Amino acid sequence: MKKTIIHDHQKDGIDRRGFLQCMAWAGTGVVWSVGAGVATSRAFGQTPSAAPDGGFSFVQISDSHMGFNKPANPDVTATLRVAVDRINALPQTPDFILHTGDLTHSSKPEEFDTLEQVMRGVKAKQTFYVPGEHDNSVDDGKLYLERFGKGTKGSGWYSFDHRGVHFVGLVNSAALEGMGKLGVEQLEWLAADLKGKSSSTPIVLFAHLPLWTVYPDWGWGTKDSEEALSYVRRFGSVTVLNGHIHQVMQKVEGNVAFHTAMSTAFPQPAPGSAPAPGPMKVPAEQLQSVLGIRNVTFVQQTHSLAVIDEPLSGR
Ligand SMILES: [Fe+2]
Ligand SMILES: [Fe+2]
């Protein structure tokens, strides 16, 4: 595995951010506690089993790709079911689920049907969705919006408040110069949506593509994300959750912590480690170790979010 050194502030050849990313890639089962812009990590097993008083938890899943049936995963419905089982086995039932897009592989009605049917098995009360490019590039998102976008704005963006935390679902799966795009209309809505919020309100942004530039050569970023991020920099705690790249990567910038998620369907190569992005075949017995769910616990006292990525099976 290649170690990436992006910023070497202490001139010792060790980049803390790069190191954090590498730890994530190595799949060491790290617990991320994010508060006041400082990320710390702990090993699995040291995590409190339930949210402390006043806190709550939610789960992020991503990139289920219903309908995909190539060698990288010939049964994506089965692995989504395993993900649901993992969620239902958590010590604390999450208040809700966030699905960060690529629900389907080809936006077919039967693929959306399967997704809905499997997700009905989740114990959490509700699942919130945003579309990936596989959900809205075939029919301009018509079917997605009919099924999952009721009450949303534009191509499916919206916000809601939950126990003192403000959640914003953004749609960046339209393309702009080979990267994701939010667009002027959505950016104006976002600025207005955040305007009246106190800067002490914890903010969670979730979208399909990363809102930071992970790897532009592969389109892993959002062309106009800087504008969106400029609106949230005044807030004390901002967590940005994405999918699309089918692997865990983390980055912290000031009070903003970025996390990309594993897929429930198939892994993709690390940036630059292959000629192109795409489904990556691993030995069948290893597949579930590179797929996973993310359990996020909000700690009321510190207004911080503890982010735990769990593979579907042990590594
Ligand atoms: Fe995907
Ligand atoms: Fe995607």
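Taking the mean number of other Cβ atoms within 10 Å as a proxy for protection, how do you rank 112-125, 197-210 from highest to lowest?
Highest mean packing first, the order is 197-210, 112-125.
With Cβ to Cβ distances under 10 Å as the rule, what net charge do the other residues near P94 carry (K, R +1; D, E -1)?
+1
Need the C-alpha centroid separation for segment 88-134 versus segment 222-280, integer Å.
Segment 88-134 and segment 222-280 have Cα centres separated by 19 Å.
Of T152, P202, S225, which is farthest along the charge dipole of segment 54-311 in the positive direction, counting Lys and Arg as +1 and Asp and Glu as -1 at C-beta?
Farthest towards the positive pole: P202.
Determine the equivalent ellipsoid of segment 159-289 by diagonalising the alpha-carbon gyration tensor, then write out the semi-axes as square roots of 5 times the eigenvalues, largest first, rounded to whole Å.
28, 17, 12
Where the Cα atoms of segment 54-311 are projected onto their three principal axes, how long is each span, largest first, in whole Å?
Here the spans come out as 48, 44, 37 Å, largest first.
The numbers here are math on the coordinates, done by the rules we state, and not lab data. Nothing here was measured: the structure is a model prediction, and the numbers come from that model. A quick note on method: Cβ atoms are made from the backbone with ideal geometry, for glycine too, and the neighbour counts reach across all protein chains shown.
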